[in-house]
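J.: Take a look at the following structure, please.
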Amino acid sequence: MNGSTPLATGQTAAATISDPASPVLHATGLTKSYRGRLLRRPVTVLRDAALEVYPGDVVGLVGENGSGKSTLMKILAGALRADAGDVQVRGRIGYCPQQPIVYPRLTCDEQFELFGRAYGLPDAVARRHRDELYERLGFGRYAGQRADRLSGGTLSKLNLALALLADPDVLLLDEPYAGFDWDTYLRFWDLVEVKRVHARAVVIVSHFIVDEQRFTRIVDVRDGRTWPR
């Protein structure tokens, strides 16, 4: 789900981030295979994938459909268990999945209230962060509207904002700007730059990289492995 997720087997988290020269996320040897009723043998999606992310990094994960990008992201977020490998995280993770996971009958304000309490944020802090996100992403006029009545683009904004609510140290975004118009796309990158300046780490999954200069590093996912450019 969005936001901070429980850590998977082999995943650990330290309480504070004190050394900017040390990775906030360190993953090695990640392997994942899937079985299905119609599959005679397991299909291996990840093979010994690895990734290191540092404070202030904006890392792009790129690759073809089926290359393993989303599977890798889910494992990093703790939403999926790897068959092998290790993930170590310092601080809080925010996770924005490719498909929005929200409560359809709750309004945007109610989603923020629920997630804020799940994160353990004081109510005043959650409201302040909520209002900042409404302004930065430009969807405050939908505060009282139910999620199942939002347009696809506004739902994507809510999905992203819920992952950002607790100001995570590591932000994992799986194709976050799908459905954004040009203005929102630019707002998104302004927000990413704010996070980078404040030493937050951001990992973004995309089929292709348009604005390559916005990233500090790009990592290709091919044949289930990670290949730094």
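J.: Percent antiparallel among DSSP beta bridges with both residues in the chain, to the nearest 5?
T.: Among the beta bridges of the chain, antiparallel pairing accounts for roughly 45 percent.
J.: Nearest 500 deg cm²/dmol is fine: what mean residue ellipticity at 222 nm does the chain get from its DSSP H runs of n ≥ 4 alone, each adding -39,500 (n - 2.57), divided by its residue count?
T.: Numbers: 5 runs with 65 residues, N = 229.
Taken over the chain, the calculation gives -9000 deg cm²/dmol.
J.: So what is the relative contact order for the chain, in percent, with contacts set as C-alpha pairs under 8 Å and at least six apart?
T.: Numbers: 488 pairs, mean separation 72.3, N = 229.
Worked out over the chain, it gives 32 percent.
J.: Additional query: What do you get for the angle between helix 182-197 and the principal long axis of the chain? Use alpha-carbon atoms, 0 to 90 degrees, nearest ten.
T.: Between helix and principal axis, roughly 70 degrees.
J.: Using 0.36 nm per residue of separation minus the Cα-Cα distance, give me the extension gain between D86 and W227 in nm, one decimal.
T.: Result for the pair: 49.0 nm of gain on full extension.
J.: Would you please name the chymotrypsin sites (Phe, Trp or Tyr not before Pro) within segment 174-229 that are DSSP coil residues with at most 11 other C-beta atoms within 10 Å of their C-beta?
T.: Loop-located and lightly packed - F208.
J.: On a C-alpha basis, how far is the centre of segment 35-79 from the centre of segment 172-195 in Å? Whole number, if you could?
T.: 22
J.: Compute the long axis of helix 123-137 from its Cα atoms, compare it with the longest principal axis of the Cα atoms of the chain, and write down the angle in degrees, 0 to 90, nearest 10.
T.: Helix 123-137 and the main axis of the chain meet at about 80 degrees.
J.: Using a Förster distance of 25 Å, how high is the FRET efficiency between S22 and R214, based on the Cβ-Cβ distance and rounded to 0.05?
T.: 0.55
J.: On a 0 to 90 degree scale, rounded to 10, what angle separates helix 108-119 from the longest Cα axis of the chain?
T.: 50
J.: Taking a quarter of the surface of the Cα convex hull of the chain, what do you get in nm²?
T.: Over all viewing directions, the chain projects a mean Cα-hull area of 12.9 nm².
J.: Roughly how many debye, to the nearest 20, is the charge dipole of the chain about its Cα centre, given +1 on each Lys and Arg Cβ, -1 on each Asp and Glu Cβ, and no other charges?
T.: Working: 30 positive and 27 negative charges, 160 e Å.
Around 760 debye, computed over the chain.
Read-outs: derived from the displayed coordinates by stated rules, not from any lab. Quick caveat: nothing in here was measured; it's all calculated off a predicted structure. For neighbour counting, all protein chains shown are included, and Cβ atoms are generated from backbone atoms with ideal geometry for every residue, glycine included.
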